[in-house]
Amino acid sequence: MKTPIDPLLPTPDKSLLLRMVEGRDENNQPVTIPVVTEKPLTIYLNRQEIVTAMTLGDYPDYLAVGFLRNQNMLKDDDVITGIDVDEELGVAVVRTERTTNYEEKLQKKIQTSGCAQGTVYGDMMEQIDNISLNKNTLLRTSTMLSLIKAINTMPSLYLSAGAIHGCVLAKDNEILAYVEDVGRHNAVDKIAGWMRMNGINGDDKLFYTTGRLTSEMVIKTVQMRIPVLMSRSGFTQSGVDMARQTGLTLIGRARGKRFTALSGLERIIDDHDKTATRDDPDDPLSPQRGRRPS
């Protein structure tokens, strides 16, 4: 029998991820507030330096493996022989049995949109044409709304300090992994690494992000073979076009009991209570409660 894998959840009380900083408020009164850390992590694949990412600093092994996986530099059948992390130097080295050299691919670098700007390389977008997403994974709207409430009310670094993005991997309304980072691309890569290192398949899962539904987020979700991508934020045209091209179910503006689906509608089963039109006042994202910290 396979050993159950513990959920990967936020650690808002982890002192190494927050710093208390003194300042003044609008009334010129002294305040001390928590701010999130931001530090560089240089990722190597064997002996080759691949990228330096600005990151929160937790789970550098998951981030390194997930980044390499989502860039098609780490293949599904690659055997990882070791992961060496030096937190003082800010370095993570992923070692494989296969000899690797991505010098040519590294020349084709694309800067992605959004905060804590990310990077994708060369043929990353070309690979998704060969991926077929599970068409049998269905999403009940009642389950989706229950999951959104659970995500928005869960203790997190975002609720503590703001200035951060979160990503969630779920099966139905069960949260399997919830990670945060200063950039949404780092958060999704951490989950990709966690999935790769724990042998978790994405075919029957749902992915949630606090960030915009861009082409980068669609590509990485498809790379992980996850058929449903959802966000409390909005869409970009390229993200919608790519979702439709790949058959990904794309749901945005998911706040309270409201949402908009622009792709993969055939997976959605509409079964939530239409009479409950008001947003949940217990939801931190509800207009009745105001906005969360930014």
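The values are calculated or read from the model by the stated rules, or taken from the named source; none is laboratory data. Just so you know, these numbers come straight off a predicted model, no measurement behind them. Methodologically, a virtual Cβ is constructed for each residue, glycine included, from the backbone with ideal geometry; neighbour enumeration extends over all protein chains shown.
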Task: Of the criteria (1) modelled with pLDDT of 90 or more; (2) in contact with a Lys or Arg (Cβ under 9 Å, 6 or more places away or on another chain); (3) aromatic (Phe, Trp, Tyr), which one residue 158 fails - done: (1)
Task: All positions within the range 29-47 that are within 30 Å of residue 100 (Cα to Cα) and either in contact with an Asp or Glu (Cβ under 6 Å, 6 or more places away or on another chain) or part of a strand (DSSP E or B) (or both) - done: 39, 40, 41, 42, 43, 44, 45
TODO: Please tell me if residue 7 is modelled with pLDDT of 90 or more, surrounded by fewer than 13 Cβ atoms within 10 Å (Cβ to Cβ), under 18 Å from the mean Cα position of the chain (by Cα) and at negative phi.
DONE: yes
Task: Any pair with Cβ under 9 angstrom, 6 or more apart, that starts in the range 34-59 at a residue that is under 18 Å from residue 105 (Cα atoms) and ends at one that is among the small types (Gly, Ala, Ser) and part of a strand (DSSP E or B) - done: 42/53; 42/92; 43/53; 43/92; 44/92
Open item on the list: Checking the structure you have, find out if any residue of the range 91-113 is within 20 Å of the chain's Cα centre (by Cα), hydroxyl-bearing (Ser, Thr, Tyr) and modelled with pLDDT under 95.
Closed with: yes
Open item on the list: Quick check on my filter: what residues within the range 140-167 are among the aliphatic types (A, V, I, L, M) and assigned to a helix (DSSP H, G or I)?
Closed with: 144, 145, 147, 148, 150, 151, 157, 159, 161
Open item on the list: Exactly one condition in (1) among the hydrophobic types (A, V, I, L, M, F, W, C); (2) closer than 19 Å to residue 194 by Cβ; (3) out of contact with any Leu (no Cβ under 6 Å at 6 or more places or on another chain) is false for residue 106; which is it?
Closed with: (2)
